[in-house]
Ligand SMILES: N[C@@H](CCC(=O)N[C@@H](CS)C(=O)NCC(=O)O)C(=O)O
């Protein structure tokens, strides 16, 4: 079998379970893991080892045409791309809504999510390899995005990004802040609001159980 499985339950139960194709350190996968946890959805963890190139296997490309994780299989439905998966989960499983009712807050959630996904993140391996050794450049991009997020969220943050409940923005922020600290050694004292949100994430199991280092495919020696 190509992708390693992380559940030991009976075969029938496993077959009926949603499957999440994920990689431990992938922040796009981490977002989806948080949503599944918040919505109380059980899933089978299918590890796609990006370091071994498993994302290029034809079997995986059938699920994710770009060859990127995450991908979700829910019965007959296959969805790839974290944003699409989150929207799918939101519509199919409305428990613990990922978007607030208030239209302005909804818009801020979309904006914060997209700042992370489009303005900060170059997660594709070919880009990362291309700019290897240019850590200061990556740090600048992250810090520019974080500066924008601090401004955006200043008026509306509560315990979480847009109030006292966890919404979409938090699902994008927590993995990005985690990566900024562990992989890019960003000094978070420059971003007090984001640092405070990160403290709240640290106290919440939806963010902790789904951390990269708590995934079944984490290597024995964690190296960020
Ligand atoms: N827009 C996609 C981006 C997914 C993405 O960049 N995934 C990265 C890991 S976070 C990946 O699979 N990289 C594998 C590669 O570049 O070969 C999403 O949000 O899911």
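The values are calculated or read from the model by the stated rules, or taken from the named source; none is laboratory data. Worth saying up front: this structure is predicted, and the values here are computed from it rather than measured. Glycine also receives a Cβ, built like all others from the backbone with ideal geometry; neighbour counts cover every protein chain displayed.
Going residue by residue through the range 44-60, is there one that turns out to be over 25 Å from residue 208 (Cβ atoms), touching a residue at least 40 places away in the same chain (Cβ under 8 Å), within 12 Å of the ligand (Cβ to nearest atom) and out of contact with any helix residue (DSSP H, G or I) (no Cβ under 7 Å at 6 or more places or on another chain)? First the steps, then the outcome.
Of the range 44-60, the ones over 25 Å from residue 208 (Cβ atoms) are 52-60.
Keeping just the survivors that are touching a residue at least 40 places away in the same chain (Cβ under 8 Å) gives 54, 57, 59-60.
Filter once more, so that each one left must be within 12 Å of the ligand (Cβ to nearest atom): 54, 57, 60.
Then drop every residue that is not out of contact with any helix residue (DSSP H, G or I) (no Cβ under 7 Å at 6 or more places or on another chain), which leaves 57.
So far as the range 44-60 goes, yes, one or more of its residues are over 25 Å from residue 208 (Cβ atoms), touching a residue at least 40 places away in the same chain (Cβ under 8 Å), within 12 Å of the ligand (Cβ to nearest atom) and out of contact with any helix residue (DSSP H, G or I) (no Cβ under 7 Å at 6 or more places or on another chain).
Suppose the filter is away from the ligand (no atom under 11 Å from the Cβ) and either within 16 Å of residue 169 (Cα to Cα) or at pLDDT below 95 (or both); does residue 35 pass it? Yes: the conditions hold for residue 35.
This table checks each residue for (1) under 19 Å from residue 47 (Cβ atoms); (2) touching a helix residue (DSSP H, G or I) at 6+ places or on another chain (Cβ under 6 Å); (3) modelled with pLDDT under 95.
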site	(1), (2), (3)
172	no, yes, no
180	no, yes, no
190	no, no, no
213	yes, no, no
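Among the residues of the range 65-79, is any over 16 Å from the mean Cα position of the chain (by Cα), surrounded by 13 or more Cβ atoms within 10 Å (Cβ to Cβ) and under 30 Å from residue 139 (Cβ atoms)? Yes, the range 65-79 contains at least one residue that is over 16 Å from the mean Cα position of the chain (by Cα), surrounded by 13 or more Cβ atoms within 10 Å (Cβ to Cβ) and under 30 Å from residue 139 (Cβ atoms).
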